[in-house]
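The values are calculated or read from the model by the stated rules, or taken from the named source; none is laboratory data. What you see is a predicted model, and the numbers here were worked out from it, not measured in a lab. Don't worry about glycine lacking a Cβ; one is built from the backbone with ideal geometry, like all the others, and counts go over all protein chains shown.
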Amino acid sequence: MKTIELEDDLYRYIASQTKDIGESASDILRRLLDVSTDVSADLTNVEALQQHVVDTNSETKQTVTKSPVIVEPTPVSAPIVVDTEVEVVSHSTLPTSIAKLIKNKKFKETTVSVTKFIQILSVLYAENPKEFDSATDIKGRKRIYFAKSESELLSAGNTTKPRHIEHTPYWVITNTNTGRKRNIITQLMAEIGYTHALIDAVSQSI
């Protein structure tokens, strides 16, 4: 039940509209305004609902808290590892034929003349060990080219830079220019008995 204040003239008007003895002011107003009991109840329910919404919103405003903003750290990329290993031609993987050796891709990609020189000698020995033994007698005007020990070559000169020919009992001097290395190969292969065409192809491959 709600209490409202009315001015005197308005109260007298409502009272003058009484039809039945004991009729209340609410009944008179309901009749004058054509408001039924059901509508009144609906209005009451609406009012209650509005109040509930207001209360709920108020509670929500009080209870809602801001969630902390979590900043994910930027993942650090793993360092890029660059493989700098250089592939080296191994004597154990070289062709056993001198003709195949000079066509070998890895052999062709080798840029160091001393490496090619040693590889050629190693394959020549593997292909013709007996003939190679006889051919190692070749020598220059002042020094020998081949020997079966490092000390023997060093005795002929400290600057000869002897290198062991892998998979053979021989050592060879390497302190020579590319032209001299080609000449040694040419003489050695000629003594063994290779054809001129193959000798030329092998010597020019250095």
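The single condition among (1) out of contact with any Ser or Thr (no Cβ under 8 Å at 6 or more places or on another chain); (2) surrounded by 13 or more Cβ atoms within 10 Å (Cβ to Cβ); (3) under 20 Å from S113 (Cβ atoms) that K181 does not satisfy is (1).
Looking across the range 184-206 at every residue that is among the polar types (S, T, N, Q) and in a helix (DSSP H, G or I), the one that is nearest to F117 (Cα to Cα) is identified as S203.
Name the single residue that is nearest to R182 (Cα to Cα) among those in the range 109-152 being among the basic types (K, R) and in contact (Cβ under 8 Å) with a residue 24 or more places away in the chain. Looking at the filtered set, the residue picked out is K116. Consider the range 125-159 and keep the residues that are among the polar types (S, T, N, Q) and modelled with pLDDT of 90 or more. The one that is surrounded by the most Cβ atoms within 10 Å (Cβ to Cβ) is N128. Within the set G140, G179, G193, the sole residue that is over 25 Å from A99 (Cβ atoms) and over 45 Å from the mean Cα position of the chain (by Cα) turns out to be G140.
Among the residues of the range 166-183, those identified as over 15 Å from E131 (Cβ atoms) and either assigned to a strand (DSSP E or B) or of a type in the set (V, I, T) (or both) are W171, V172, I173, T174, T176, T178.
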